[in-house]
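The values are calculated or read from the model by the stated rules, or taken from the named source; none is laboratory data. None of these values were measured; they are calculated from a predicted model. Here the Cβ is made from the backbone with ideal geometry for all residues, glycine too, and neighbour counts use every protein chain on show. Heavy atoms of the whole protein, side chains included, go into the accessibility calculation; ligands, DNA and RNA do not. Shrake-Rupley method; radii C 1.70, N 1.55, O 1.52, S 1.80 Å.
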Amino acid sequence: RSVEALLSTTTKEGQILCMNGIRVMSINWVVLGHVYYIGLGAADYTDYVSMWRKYPMALIYNALPAVDTFFFISGFLVSLLLSKDLARRGKFNAVGYYLQR
């Protein structure tokens, strides 16, 4: 049942579909960056320097914005839920909101 839900392509009403694509691209970029950083940590320093001078490695070396994307997604979703809650109830309960998270 959980595999079926994981592989399902149905969407729910109100779901922001572009967030899924941003999340997938970001997680792949972060994993790729970590694989290379960990792999190069065990390599010789001269190999490390020569590898980073190649242009295609710039995409991996500059993977830090992918982490910022996760901060953006979480901030966006928290503010979206907060604005929906304020529109529905008209007030904000900070303790209840913290406990729900």
Open item on the list: Can you tell me which of (1) modelled with pLDDT of 70 or more; (2) charged (D, E, K, R); (3) more than 23 Å from Met19 (Cβ to Cβ) is the one Asp68 doesn't meet?
Closed with: (3)
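In region 1-37, how many are within 19 Å of Ala58 (Cβ to Cβ) and not hydroxyl-bearing (Ser, Thr, Tyr)?
Selection size over region 1-37: 9.
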Open item on the list: With the requirement that a residue be among the hydroxyl-bearing types (Ser, Thr, Tyr) and open to solvent by 90 Å² or more (accessible area, probe 1.4 Å), what does region 3-24 give you?
Closed with: Thr9, Thr10
Open item on the list: Please determine whether any residue of region 43-50 is at pLDDT 80 or above and aromatic (Phe, Trp, Tyr).
Closed with: no
Task: Selected residue (criterion: farthest from the chain's Cα centre (by Cα)) from residues of region 6-29 that are hydrophobic (A, V, I, L, M, F, W, C) and not in a helix (DSSP H, G or I) - done: Leu7
TODO: Considering only region 69-95, state which residues are open to solvent by less than 90 Å² (accessible area, probe 1.4 Å), part of a loop (DSSP other than H, G, I, E, B) and on the phi < 0 side of the Ramachandran plot.
DONE: Asn93
Task: In region 25-42, residue nearest to Phe72 (Cα to Cα) [restricted to those that are modelled with pLDDT of 70 or more and surrounded by 14 or more Cβ atoms within 10 Å (Cβ to Cβ)] - done: Ser26
Task: Pairs with Cβ under 8 Å, 6+ apart, first in region 1-19 and touching a residue at least 40 places away in the same chain (Cβ under 8 Å), second of a type outside the set (A, V, I, L, M) and open to solvent by less than 100 Å² (accessible area, probe 1.4 Å) - done: Met19/Phe76
